[in-house]
Amino acid sequence: MTAQATLNTSNDDFGQFWQLQGDWVEAPNVRRGGESGVQRVRAEDGGLLYVKRQIGHVYRSWLHPFGRPTVLRERDALEGLRRLGVRVPEIIYCGAERDERQQWRALLVTANLEGFEEIDHWYAGGGRERYGEAVHERLLQAIGETLARMHRGRWQHSCLYSKHVFVKVTGQGDQAQPQVALLDLEKGRRRLTARGAALHDMKQLRRHSSFSVADWDKLIYFYQTAFGSALKGLG
């Protein structure tokens, strides 16, 4: 299989993708009544793929009281955010089927986000010092605008930690331009209101990030400017 494979759920393709093997980047975790893990796989064209492989790993809701594989919820969130113009990993394949014991097996295959890295790694690697404060401020603005775009569309990430915010800076000096992508949308869902999605995620990001007070204040300023209204309790 190559990184040019198309999204569908045929049994033949499911079997081929299920046979793909690579290094575990997230060892299988036992939870939700099943297990889930992620492997990094080298495609035939040399590109990197990430294969989320699940057995019996489901969530339940009023729409799906008997359980639905969580990768299908993640697929819905990835597609929803992409329609909003939020950068997320490209879906190469997603499918689910029941085995002979009627237990769910599910796959989500996504392409590598070339050149992107966790924002905490970017800071630790000296990105702020290398590009300077003007570019860093543009990065905070890009993060704020990305999150506001997601929330205005009533999508809630639901697990918004700094490790799920990926960044990439291209160009040199003051002309460098930052880009932002979001990962790990397994718990992503639509909310009735944009405000509800915003308050949940932004409070969560504040708790699970290491932004200084000054940097957080800047991020919130850019976020609320893009969101279109001030939200109390985000400081």
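Across region 149-192, the number of residues qualifying as assigned to a helix (DSSP H, G or I) and touching a Ser or Thr at 6+ places or on another chain (Cβ under 8 Å) comes to 1. Would you be able to say whether some residue in region 193-200 is within 25 Å of E74 (Cα to Cα), assigned by TED's automatic domain parsing to the domain that holds E129 and not in a helix (DSSP H, G or I)? Yes; the residues of region 193-200 include at least one that is within 25 Å of E74 (Cα to Cα), assigned by TED's automatic domain parsing to the domain that holds E129 and not in a helix (DSSP H, G or I). Among the residues making up region 116-125, a single one is crowded, with 16+ Cβ neighbours inside 10 Å and assigned to a loop (DSSP other than H, G, I, E, B): F116. Scan region 201-235 for residues that are among the basic types (K, R), assigned to a helix (DSSP H, G or I) and surrounded by fewer than 16 Cβ atoms within 10 Å (Cβ to Cβ) and the total you get is 2.
Taken together, the residues in region 138-155 that are farther than 17 Å from G85 by Cβ and touching an Asp or Glu at 6+ places or on another chain (Cβ under 9 Å) amount to 1. Please work out if I143 is in the same structural domain as R68 (by TED's automatic domain parsing) and either within 30 Å of G173 (Cα to Cα) or part of a strand (DSSP E or B) (or both). Criteria not met by I143.
Within region 137-162, which residues are without any contact (Cβ under 8 Å) to a residue 60 or more places away in the chain, more than 14 Å from K187 (Cβ to Cβ) and not hydrophobic (A, V, I, L, M, F, W, C)? R138, R154, S162, listed by residue number. Restricting attention to region 14-52, the residues being without any contact (Cβ under 8 Å) to a residue 12 or more places away in the chain and among the aliphatic types (A, V, I, L, M) number 2. Give region 177-235 a look and list any residue that's of a type in the set (D, E, K, R) and touching a residue at least 24 places away in the same chain (Cβ under 8 Å), or say none. Across region 177-235, the qualifying residues are D184, E186, K187, R189, R190, R191, R195, D201, K203, R206, D215, K218. Within region 126-137, is even one residue surrounded by fewer than 17 Cβ atoms within 10 Å (Cβ to Cβ) and in contact with a strand residue (DSSP E or B) (Cβ under 6 Å, 6 or more places away or on another chain)? Scanning region 126-137, I find no residue that is surrounded by fewer than 17 Cβ atoms within 10 Å (Cβ to Cβ) and in contact with a strand residue (DSSP E or B) (Cβ under 6 Å, 6 or more places away or on another chain), so the answer is no.
Of all the criteria given as (1) farther than 19 Å from F14 by Cβ; (2) in contact with a strand residue (DSSP E or B) (Cβ under 6 Å, 6 or more places away or on another chain); (3) surrounded by 15 or more Cβ atoms within 10 Å (Cβ to Cβ), the one not satisfied by G144 is (2).
The values are calculated or read from the model by the stated rules, or taken from the named source; none is laboratory data. Nothing here was measured: the structure is a model prediction, and the numbers come from that model. Neighbour counts run over all protein chains shown; Cβ positions are idealised from the backbone, glycine included.
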